[in-house]
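As structure tokens, the structure follows; a few thoughts come after it.
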Amino acid sequence: MTPTPEEKLWLRDYLYEALSYRETFDEVYDHILLALEHEPAQPFFESTVYKIIDEDFGGSINLLNMEVECERTTRKEINAQYWHTFFSWAKPPRVIFILLVIGATYFIRVKTLTGAVIMLVVMLLIGFVPLITVAVRKLTVRFVNHDKKTSIRDSAFKWLAYWYIIIAIFAGRTITRIIDFCLRHLFKYPSADVYQKSFPKHLLSSFFFAIAIIHMLTLIELFRHEYKTKMIKAKH
């Protein structure tokens, strides 16, 4: 059977409400349209659609399970890409840039009284750059492309952006205090003030600053690769 424009519109509206992500919506919509070509004409179009969903997807509940599985798989894939790119900064020639960042931030902390404040502000800005990027992508989809559906990949990228904020706020401070405590007693500094001006403390702060820089550069690289991939697909 060949669905009418009204039936296609009903199918789009039904799937749009039933599914959360753009990729699964497109996949299921195209699959049902293809399956309808092999179905005989029926008096009730909706019944034929429900039949295809039951036979090919195991019912509407399994459509949701399929989305959950797709989201889990996509998140694992993007996480793997993130860590591969992240650790690539520890290899030549990129590691040279990171060493320069550590050296520069160490020099700023030692030579400038406000160096620690400057680094804190920059790290906060680094954390907000990915969030701003995610927001821009979401606004572009909604107001430029006129589509409210979220991409599975955007959802995974959003988690990576939030991950930095969560770690920096809740875990980073605790980890830093533990390392500070160990270094202070390992090198037997007489007071916390003396330790704050010491070489290990400046080096540690510079190292964490470099980690934040790597995180931002990694996300930018992943976002850029994602954008190029979408442009190539659009041309085809």
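Observations on the structure shown:
- Anisotropy class of region 1-49 from Cα gyration tensor, a/c 1.5 cut: prolate
- If R0 equals 35 Å, the separation of the Cβ atoms of Leu186 and Glu77 corresponds to a calculated FRET efficiency of about 0.30.
- Size of region 21-75: Rg and Dmax of its alpha carbons, in Å, are 12.4, 42.
- Compactness of region 1-96 was expressed as the Cα radius of gyration divided by 2.2 N^0.38 Å, which yields 1.59.
- Here Lys51 is the anchor, and the aspartates and glutamates within straight C-alpha reach of less than 12 Å, apart from those fewer than 8 places off in the same chain, are Glu39.
- Cβ-defined net charge surrounding Glu77, 14 Å radius [Lys, Arg +1; Asp, Glu -1]: -1
- All other residues whose Cβ lies under 12 angstrom from that of Phe86 are scored, Lys and Arg at +1 and Asp and Glu at -1, for a net of +1.
- For the pair Ile179 and Asp30 in one chain, pulling the backbone fully straight at 0.36 nm per residue adds 48.2 nm over the alpha carbon distance.
- D_trans [Stokes-Einstein, Kirkwood Rh over alpha-carbon pairs] for region 44-89, 10 °C, 1.306 mPa s, µm² s⁻¹: 124 µm²/s
- A cut-off of 5 Å between modelled amide H atoms, ignoring neighbours fewer than 5 places along the same chain, links Thr150 with Arg22.
- Restriction of the chymotrypsin sites (Phe, Trp or Tyr not before Pro) in region 1-53 to DSSP coil positions whose beta-carbon has at most 14 other beta-carbons within 10 angstrom yields Phe44.
- Cross-link pairs beyond the 24 Å C-alpha cut-off, checked among Lys91/Lys158; Lys158/Lys201; Lys76/Lys149: Lys91/Lys158; Lys158/Lys201
Where a number appears in this text, it was derived from the coordinates with a stated rule and is not lab data. What you see is a predicted model, and the numbers here were worked out from it, not measured in a lab. All Cβ positions, glycine included, derive from the backbone under ideal geometry; neighbour counts span all protein chains shown.
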